Amino acid sequence: MMLIDRLYKDAPLATRGEITPKLGFLLTLLLAIVWLIPFLWMVVATLRPASDGINAMAELMPSMKPTLDNVRDAWEIGDFPRYTINTTIICAGILLVQFVTITLAGFAFARLNFAGKTLIFYLFLMQLMLVPVLLIVPNLSLVAQLGLYDTLTGVMMPFFASAFGTFLMRQAFEAIPTELEDAALIDGASLIQRIRHIYVPLSMPSFSAFAIISVTNHWNDFLWPLMVINSPDKRPLTVGLSVFTKTAEGTQAWGTIAAGTLMVIAPLLVTFLIFQKRFISSFVTSGIK
């Protein structure tokens, strides 16, 4: 309890003696420890030499002789550079098109008046209630009919529009004072110019929050790329890791599997650690908690 008392020494005097915040802090700390254990094991197993024996792979205690041999083996066995490039192309392509579609759709629902606007918006939001697995068969049929099967474009196409992104941008655009747009209209600004120079710059926190969610979601997506991609040279990281894991499991190379998994999550993890303050600020400013 002394650690908690130290953390709460600067808390308001009226709440310093309350037990609820301290219990919340302890619960959060416990959940953080449980969440960190798999990551800790992955790092320890990656650096553990094969000479420690297979029984030592289950231990969380680091080896006294750490090595990067598992990382080297995973790099040589799996085609991770190509998997990373494919995943980057998929995430970047989806995000760029989504920025255009959610901006225009969000502006239409926030500022334009047309018949059935509210009904169409609610129908649009129904996409959020559908389990993504339900859409796999119709999406796969459409991708095949368009000749996009086994292409990166086919992986990206079903996600070019986003109901969540449209809802987020509608809320952000509605919070912008209409007087700014009226002033731009007096100066002769076109519709695209008003969106480009007024709505987009003032909604950057919402764009940043949506970008984080979109990239994280599609970086970790496994089932849909597995259904669409058949060629080994077009696999994203998640599908490539699955194939790599099946290969390494046969030799019980758990350290190599841990190293491959670490290479898959490392780009997002490092990016978050570097820009964590910006990420948290974007979520708080956009109202996503």
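The values are calculated or read from the model by the stated rules, or taken from the named source; none is laboratory data. Keep in mind that this is a model prediction, so the values were computed, not measured. Cβ: placed from backbone, ideal geometry, glycine included. Neighbour counts: every protein chain shown. Heavy atoms of the whole protein, side chains included, go into the accessibility calculation; ligands, DNA and RNA do not. Shrake-Rupley method; radii C 1.70, N 1.55, O 1.52, S 1.80 Å.
Laid out as a table, the results:
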read-out	value
Positions within region 117-147 being surrounded by 10 or more Cβ atoms within 10 Å (Cβ to Cβ) and in contact (Cβ under 8 Å) with a residue 60 or more places away in the chain, in sequence order	Pro132, Ile136, Asn139, Leu140, Val143
Members of region 90-116 that are among the β-branched types (Val, Ile, Thr) and crowded, with 18+ Cβ neighbours inside 10 Å	Ile90, Ile94, Ile102, Thr103
Candidates Met129, Met157, filtered to the one that is of a type outside the set (Lys, Arg) and at pLDDT below 90	Met129
Matching option when the condition is in a helix (DSSP H, G or I), over 30 Å from Phe207 (Cα atoms), open to solvent by less than 20 Å² (accessible area, probe 1.4 Å) and not β-branched (Val, Ile, Thr), among Asn70, Asn55	Asn70
Selection from region 185-240 of residues that are out of contact with any helix residue (DSSP H, G or I) (no Cβ under 8 Å at 6 or more places or on another chain) and either outside any helix (DSSP H, G or I) or crowded, with 18+ Cβ neighbours inside 10 Å (or both)	Asp187, Gly188, Ser190, Asn230, Ser231
Some residue of region 164-179 being among the small types (Gly, Ala, Ser), at pLDDT 90 or above and closer than 25 Å to Leu135 by Cβ	yes
